[in-house]
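Each reported figure results from applying straightforward, stated rules to the coordinates on display, with no laboratory input. Just so it is clear, the model here is predicted, and its values are computed rather than measured. Every residue, glycine as well, gets a Cβ built from its backbone with ideal geometry; the counts of neighbours run over all protein chains shown.
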Amino acid sequence: MTDRSETRVPSRIAVLTISDRCSRGESEDKSGPFIANYLTEKGHQIVHKYCIPDDFNIIQDVLIDWCDTAKIDFVVTTGGTGFTDRDVTPEATKSIIERETPGLVIGMIMNGLKSTEYAMLSRLCAGIRKSTLVVNLPGSVKACKEYLPILEPVLNHGIDQLRGDKLRVKVKHTEMQEPSKPIVLTIKDPHEPIPSNVRSSTPVTSSGSTLVTTSTAKIAPILKVGGGGGFQYRKSPYEMVSMNDAVSHIMTELNSTEKLETELIPLKNATDLLGRHVSSNIQSKVDVPSFPASIKDGYAVLSSDGPGNRKVVSSSITAGLPADGMTIDKGWCVRMNTGAPIPDGCDAVVQVEDTEVVSRTDDGKETEIQISIAPKVMQDIRKKGSDIKKGETVIKIGDKIGPIDLGILASIGVTHVPVYRKPKVAILSTGDELREPGDNLIPGTIWDCNRITLISFLRRRNYDVIDLGIVEDDLRYLESRICSGLEKSDLLITTGGVSMGEKDILKAVLVHCFGAKIHFGRVNMKPGKPTTFATCITNDRRRFIFSLPGNPVSAFVSCLLFVIPVLDNLSGHTTLSQVTDIYDLHPWIKVSLSISNANGFINLDERPEFARAVVHFDGGDLPSASLIRGSQKSSRLSSVKDANALIALPGRNEIPGGIIKDSHITKAIIINF
């Protein structure tokens, strides 16, 4: 197994030549440039290259700076390892390291002894300071040529451990268990029970070999991964289920799974609350308004006074200030602002527009007004509790929080909101052919577009997404990366590796390495036939797994139809109790299909199809829908770009003649990006 250098962050290396003569320019430094060139050719990154004299304090200062401040992964020194008084490199190195790594020194010297007995005179030192590996090499190019080929092959693994890259360390440890033999999986009937010794973290081992098998295997052929080819089914062992059956399997698992944990989020963190589901009923502890309030700018009056003149109290009442026990007598009124509390004795408000000023003081204050229209009892007054009564449930458990909900919560004085934790989703692309966008492509490789599509789609819907990157179709890497995803997430999405190809081993890996139960492995739909739904137990909690097809349209459509409802449910959405088909899980409308091809009809596929389309709200009895122009093939992601709906086309056997004509009435699932 080769190191995955195409995705690994290169090791940051500093080369330090230690020589009095070279530092003074009296001699050419040859070993430093040799080491730098050698490691660069192996894919490492040289970030520093210095030449300093054989001075203990200077060596010590440079090493400490590179380890503590520059945070170099690997510091290699050359020179100063002999027997002379000025050869102090090992002593300076020992003074700054925290742990020794004697195995590296032993390995290098043993190799050097194969060519000369003088190798035993090298006083080398190797060790670790914080997260930096420091190794001394001799000053001769010949010795460096002998020692580097021994040191470099193990360098990345050591640095991965120092970096805390548990995933790569686990992969390497798995490789080392049996590096020369292929991993063998016994492919069995997916409906047979999983053996009890299958764990969720590592493959089962037998007699020292990486062998995963069961005693109830019904299908004899062996799938050999990494062995130069493998068994390939002619017929999938997974039954093709209908869309309704697929939904039923999902709902069965959801209904037997507890919602995620709850948490209290401060109301001021509004952006974190938007889109979250409330985990308990929220009741108001106060009446809103908490006092009778004026609806308009005007005058508080006694309705029994009828129309006519009123004397005006000298002081007005404004919003935000109490009425201070003010009482209005018969024949009097008081000026009010919108939202101001109504004083005792008043039972109506007359808007300014229905009054005229009769007299004012010298400084312009109103002293008397005339009311032209007789006021009615409680006219333009908001009663106490008329908006929200004390004890009233304002938001119910499972409700999705939007901007209006936040406003309501603020109006009743809520400071913290109980919500369900957002589910964590891990996304993994699988396939030997995949490369990161921008990487160089060789014939047979493509750039991965599935991850960025699904990650952005889910983040747009306010889910926490973990990017697991790309992994090859190799059991060792698949097992390790899937293990990481299951430990970090509530739901794992993989794309690719679930069809009928020689290297489509994902389902077998899920079953044999993680004890997963495959609830369905094929769905009678287009696109998305290989869509797989599984569950397993990791860290005492059920994890949901959706393994989606590798074609980008299939992956997106399957994610929209199946994954989104599961995430909504885990988030606390509570309207999924009565579900019979896929349309109970999504907003949909009836549409009239507009067919613009020359034939005026569409030949149906044998599978029900979700065609990408544009719905037009053009004023007819039903909205019209037209299919996106061009091919609807599952590899053409641009067929989704301008679509706003998935149009349900029946299977060929569901319609006489296997065709549908213009104005066919069908359902459209709205795509909400």
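Structure notes:
- Sequence ranges 609-618, 253-262, 49-58, ranked by mean other-Cβ count within 10 angstrom, highest first: 609-618, 49-58, 253-262
- The modelled label-to-label distance between Ser303 and His48, using points 7 Å beyond Cα along the C-beta direction, is 8.5 nm.
- Fraction in percent of alpha-carbon pairs per bin - 10 Å, segment 93-161: 20, 54, 25, 2
- Helix-only arithmetic for the chain: the sum of -39500 (n - 2.57) across DSSP H runs with n ≥ 4, divided by the residue total, places the mean residue ellipticity at 222 nm at -6500 deg cm²/dmol.
- Considering only Thr666, Ile602, Val171, and ranking their Cα positions along the charge dipole of the chain that arises from unit charges at the beta-carbon of Lys, Arg, Asp and Glu, the one farthest toward the positive end is Ile602.
- The chain, dipole about Cα centre (Lys/Arg Cβ +1, Asp/Glu Cβ -1), debye to the nearest 20: 1500
- For the chain, the Stokes-Einstein estimate of translational diffusion at 25 °C and a viscosity of 0.890 mPa s comes to 77 µm²/s, using the Kirkwood hydrodynamic radius over alpha-carbon pairs.
- Normalising by residue count, segment 12-164 has a Cα convex hull of 100 Å³ per residue.
- Nearest-20 debye value, segment 12-164 charge dipole, Cβ charges on Lys, Arg, Asp, Glu: 360
- Ordering of 358-370, 397-409 by burial proxy (mean other Cβ atoms within 10 Å per residue, highest first): 397-409, 358-370
- By DSSP, the beta bridges lying fully in segment 587-670 are antiparallel in about 90 percent of cases.
- Local net charge near Ile96, Cβ-Cβ under 15 Å (Lys/Arg +1, Asp/Glu -1): -2
- A simple count of charges around Pro527, restricted to other residues whose Cβ falls under 12 Å of its Cβ and scoring Lys, Arg +1 and Asp, Glu -1, yields +4.
- Anisotropy class of segment 455-524 from Cα gyration tensor, a/c 1.5 cut: prolate
- For the listed residue pairs Lys130/Lys488; Lys30/Lys166; Lys285/Lys330, the alpha carbons are over 29 angstrom apart in Lys30/Lys166; Lys285/Lys330.
- The eigenvalues of the Cα gyration tensor, multiplied by 5 and square-rooted, give segment 598-673 an equivalent ellipsoid with semi-axes of 19, 17, 11 Å from largest to smallest.
- Here the gap between Glu258 and Met378, fully extended at 0.36 nm per residue and compared with their Cα-Cα distance, gives a gain of 38.2 nm.
- Were the residues from Met176 through Arg24 laid out at 0.36 nm apart, the gain over their Cα-Cα distance would be 50.1 nm.
- Fraction of beta bridges assigned by DSSP in segment 347-493 that are antiparallel (%, nearest 5): 30
- Protection proxy ranking of 488-496, 34-42 - average other beta-carbon atoms within 10 Å, highest first: 488-496, 34-42
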